[in-house]
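The values are calculated or read from the model by the stated rules, or taken from the named source; none is laboratory data. The model shown is predicted, which means the values in this text are computed figures rather than measured ones. Glycine gets a Cβ as well: all are built from the backbone with ideal geometry, and neighbour counts include every protein chain shown. Surface accessibility is based on the protein's heavy atoms, side chains included, excluding ligands, DNA and RNA. Shrake-Rupley method; radii C 1.70, N 1.55, O 1.52, S 1.80 Å.
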Number of protein chains: 2
Amino acid sequence: MVSTTQILKDHKLRVTPFRIEVLELFSGAQHALAAADLETLLNNPDRITLYRTLKSFEEKGIIHKAIDGTNQPKFALCEAHCHEHNHHDEHVHFHCIKCENTFCIESVFIPEVSLPQGFRIKQTDMIVSGECEQCVMKEL
Amino acid sequence: MVSTTQILKDHKLRVTPFRIEVLELFSGAQHALAAADLETLLNNPDRITLYRTLKSFEEKGIIHKAIDGTNQPKFALCEAHCHEHNHHDEHVHFHCIKCENTFCIESVFIPEVSLPQGFRIKQTDMIVSGECEQCVMKEL
DNA sequence: AAGATAAATGAAGCAAAATTGCATTTTTTT
DNA sequence: AAAAAAATGCAATTTTGCTTCATTTATCTT
């Protein structure tokens, strides 16, 4: 298992206590985290530092943004083979309308689509929303 | 051609000058509009009224939200057969990273995906991003 | 192991975006 | 034309995010 410290070094980021803390939260999370979630979990850290941390993690390929239709962008750990400015997170994201959580479905790839001529495609995102397993269970 | 007034009536909304104005902007738009776009186009209307108008239009099935990865949700006219709480906008949205505009690609349907067991799927969104035709042209 | 340097942090202040409650105005219905 | 219901506009507040700058910290070099 790769240590948090090693992950930071591998992505050419300085190892600071704050970054370690943030990264460990991501490692332990079962779902994608919004900036607001992290603020709570970290007990009201300096918000600007948090934003900057998220930004550099994203740029270096440690986390990726999971769009989910809410106005709050969520973040989750990248898969192993992401690098600086070269993400490979071509999986579907699931957004639960009950618990509001967003999950990476790494086993399901986003299908290709062909658009009318003229468009230059760079990236495709897919968000499936509905109810997650836990929430469906609770209803029964 | 259906008049703006008629569209409002059909969706059980009272006909007010403000709503007519907003709806006509949507009819004339070539791409999805963010709340901020509308504020400009309407020359700084009361922002709250605008938000409420968008909300009721969406609820009644006149417009739909086009997620595009920016934090600003965009809105566009629904296709003809949308009704209250019963949208049918299963098309792909395209977000141009140059001009920042978001387009409904009504000719391209979102492919179905199957998720691991346990999820209850309600809706699927697909956002393709890259450069739109106009922006690609400009570069040549 | 200590100092140099480059990067990260935290504080203060600001700007924009969104929400709430309430009083007023307008639309629709009778 | 009046009554009822809905929509609007204002004020105040909250949340979110950005910029600048001084200080602190991690890393690299010797």
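One table, with the values for the structure above:
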| item | result |
| --- | --- |
| Residue, nearest to residue B:94 (Cα to Cα), within region B:22-52, restricted to residues that are more than 9 Å from DNA strand D (Cβ to nearest atom) and among the acidic types (Asp, Glu) | B:37 |
| Selected residue (only one of A:74, A:65 is within 12 Å of another protein chain (Cβ to nearest Cβ), touching a strand residue (DSSP E or B) at 6+ places or on another chain (Cβ under 7 Å), within 12 Å of DNA strand D (Cβ to nearest atom) and without any contact (Cβ under 8 Å) to a residue 24 or more places away in the chain) | A:65 |
| Test: residue in region A:107-115 that is aromatic (Phe, Trp, Tyr) and within 14 Å of chain B (Cβ to nearest Cβ) | yes |
| Residue within region A:36-55 that is more than 14 Å from DNA strand C (Cβ to nearest atom), aromatic (Phe, Trp, Tyr) and within 14 Å of chain B (Cβ to nearest Cβ) present | no |
| Residue under evaluation residue B:92, criteria (1) out of contact with any strand residue (DSSP E or B) (no Cβ under 6 Å at 6 or more places or on another chain); (2) within 19 Å of residue A:130 (Cα to Cα), criterion not met | (1) |
| Region A:8-21 residues that are within 10 Å of residue A:57 (Cα to Cα), paired with ones that are open to solvent by 90 Å² or more (accessible area, probe 1.4 Å) and within 6 Å of DNA strand D (Cβ to nearest atom) (beta carbon under 8 Å, 6 or more apart) | A:8/A:14 |
| Helices (runs of 4 or more DSSP H) contained entirely in region B:26-140, each with at least 3 residues that are of a type in the set (A, V, I, L, M, F, W, C) and farther than 22 Å from residue A:118 by Cβ | B:35-41, B:47-60 |
| Residues satisfying the stated conditions in region B:20-52, i.e. among the β-branched types (Val, Ile, Thr) and more than 13 Å from the chain's Cα centre (by Cα) | B:20, B:40, B:48, B:49 |
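Results for (1) among the basic types (Lys, Arg); (2) within 16 Å of the chain's Cα centre (by Cα), shown as yes or no for each residue.
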| residue | (1), (2) |
| --- | --- |
| B:60 | yes, yes |
| B:70 | no, yes |
| B:78 | no, yes |
| B:135 | no, no |
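Matching residues to (1) at the interface with chain A (Cβ under 7 Å from one of its Cβ atoms); (2) open to solvent by less than 90 Å² (accessible area, probe 1.4 Å); (3) more than 18 Å from residue A:110 (Cα to Cα):
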{"residue": "B:31", "(1), (2), (3)": "no, yes, yes"}
{"residue": "B:58", "(1), (2), (3)": "no, yes, yes"}
{"residue": "B:100", "(1), (2), (3)": "no, no, yes"}
{"residue": "B:126", "(1), (2), (3)": "yes, yes, no"}
